[in-house]
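See below for the structure under consideration.
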Amino acid sequence: MNGNEDVLILAIESSCDETAAAVVRNGREVLSNVISSQIALHTLYGGVVPEIASRKHIEKINQVIEEALAEAKVGLSDITAIGVTYGPGLVGALLVGVAEAKAIAYAAGKPLVGVHHIEGHVSANFIEHPDLEPPFVCLIVSGGHTHLVVVKDYGKFEIIGRTRDDAAGEAFDKVARAIGLGYPGGPKVDRAAKEGNKHAVEFPRAKVEGAPYDFSFSGLKSSVLNYINHEKMLGKEICVPDLAASFQNAVVESLVSRAVAAAQEYGYDKLAIAGGVASNTALREGMREACEKAGLKLYYPSPIYCTDNAAMIGVAAYYEYQNGTRAGWDLNAVPNLRLGER
């Protein structure tokens, strides 16, 4: 391939409960981004049921890929390489995407690139910000992950902080369930909090000794549950918007303070946020204010690129492809894949 030819990546994402496919040109331009969500299905059970998620992926994956190619107005022969999420995530769900990507790559004679799901979330920031290039600090917050990383180069990360227990998104889901808001918790807490007073209840902000950039949310979650039980025992009515706003405020302050401090200490003037919780309005607002004060440039993706999608996987796959990363036919799902591992 000569240097002037476009690199088109067909990307597949199936790590949790979204079946997604996208076509990305040259790592920055999304030609199509098709997502089939299972939220309505899992809401019946109050959370993601892995077995159901896997079955739905099998039903939807061919259709989603055909749609992505049609929307991008390209055929498989135009595609340069196939990118796919192979971890972390639900093992059954990941296997559907990996098997599909291998079959297509083999049949079409195209290179295969395995992508780390969290690297995908970080890469979502490149879609709408042509000026954003490494190095920078990125906070990744989602249902399963809370990481603070230095993005040293495309595909090269140094983890400087991570959660010791619950991920931020997981805490949102658990608290939402406890206060009767249901699933998915993040958007519902965000919505309820808009009507509440964030200083109504002052919940604790945990610090991890000797690890200033690590997070811990299980104590906060327990404090919320204890508060609910205590108020019920006294026969008091709980103001859901106040409780949602107070809990959200504690999470946001923990995330913002560490991310901004890390950018300053490590000497970077660019800070990005990524992952499902990055679409939280209070987190965006808190980050905006803190970055303005600290003189940092803040980046975040549109909400559609914050939650799981294949466009972000296509972007990450493009940079991995350019770095020479190729997967063999033995590529497998790795449910507990850590960032930086291959």
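Quick notes on this one:
- From 27, 47, residue being modelled with pLDDT of 95 or more and in the same structural domain as residue 105 (by TED's automatic domain parsing): 27
Results for (1) outside the structural domain of residue 290 (by TED's automatic domain parsing); (2) crowded, with 24+ Cβ neighbours inside 10 Å; (3) assigned to a helix (DSSP H, G or I); (4) hydroxyl-bearing (Ser, Thr, Tyr), shown as yes or no for each residue.
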| position | (1), (2), (3), (4) |
| --- | --- |
| 106 | yes, no, yes, yes |
| 152 | no, no, no, no |
| 165 | no, no, no, no |
| 170 | no, no, yes, no |
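- Qualifying residue in the stretch 237-256 (condition: in a helix (DSSP H, G or I), surrounded by fewer than 16 Cβ atoms within 10 Å (Cβ to Cβ) and not hydroxyl-bearing (Ser, Thr, Tyr)): no
- Residue 213 meets each of the listed conditions (1) among the aromatic types (Phe, Trp, Tyr); (2) farther than 21 Å from residue 289 by Cα; (3) surrounded by fewer than 22 Cβ atoms within 10 Å (Cβ to Cβ) apart from (2).
- Screening the stretch 175-198 for residues that are in contact with a Gly (Cβ under 7 Å, 6 or more places away or on another chain), of a type outside the set (A, V, I, L, M) and in a helix (DSSP H, G or I) and picking the one that is surrounded by the fewest Cβ atoms within 10 Å (Cβ to Cβ) gives 177.
- Residue check: residue 340 meets all listed conditions (1) surrounded by fewer than 15 Cβ atoms within 10 Å (Cβ to Cβ); (2) in a helix (DSSP H, G or I); (3) in contact (Cβ under 8 Å) with a residue 12 or more places away in the chain but one, namely (2).
- Matching option when the condition is in a helix (DSSP H, G or I) and not assigned by TED's automatic domain parsing to the domain that holds residue 147, among 290, 316: 316
Residues are listed down the side, and each one gets a yes or a no for (1) buried (at least 21 other Cβ atoms within 10 Å of the Cβ); (2) part of a loop (DSSP other than H, G, I, E, B); (3) among the hydroxyl-bearing types (Ser, Thr, Tyr):
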| residue | (1), (2), (3) |
| --- | --- |
| 10 | yes, no, no |
| 15 | yes, yes, yes |
| 19 | yes, no, yes |
| 22 | yes, no, no |
| 52 | no, no, no |
| 61 | yes, no, no |
| 66 | no, no, no |
| 77 | no, no, yes |
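- Qualifying residue in the stretch 198-208 (condition: free of Cβ contacts under 8 Å to residues at least 40 places away in the same chain, assigned by TED's automatic domain parsing to the domain that holds residue 258, closer than 30 Å to residue 15 by Cβ and not aromatic (Phe, Trp, Tyr)): no
- Scanning the stretch 298-320 for residues that are among the β-branched types (Val, Ile, Thr) and surrounded by 24 or more Cβ atoms within 10 Å (Cβ to Cβ) turns up 307, 313, 315.
- When every residue of the stretch 203-212 is checked against the conditions, none turns out to be under 23 Å from residue 306 (Cα atoms), of a type in the set (D, E, K, R) and in a loop (DSSP other than H, G, I, E, B).
- In the stretch 257-272, residue farthest from the chain's Cα centre (by Cα) [restricted to those that are in a strand (DSSP E or B) and crowded, with 22+ Cβ neighbours inside 10 Å]: 271
- If you check 93, 99 for being without any contact (Cβ under 8 Å) to a residue 40 or more places away in the chain, of a type outside the set (Lys, Arg), surrounded by 15 or more Cβ atoms within 10 Å (Cβ to Cβ) and over 21 Å from residue 127 (Cα atoms), only one passes: 99.
- Residue 231 part of a loop (DSSP other than H, G, I, E, B) and assigned by TED's automatic domain parsing to the domain that holds residue 180: no
The values are calculated or read from the model by the stated rules, or taken from the named source; none is laboratory data. None of the values given here were measured: they were computed from a predicted structure. Neighbour counts are summed over all protein chains in view; Cβ atoms, including those assigned to glycine, are modelled from backbone coordinates with ideal geometry.
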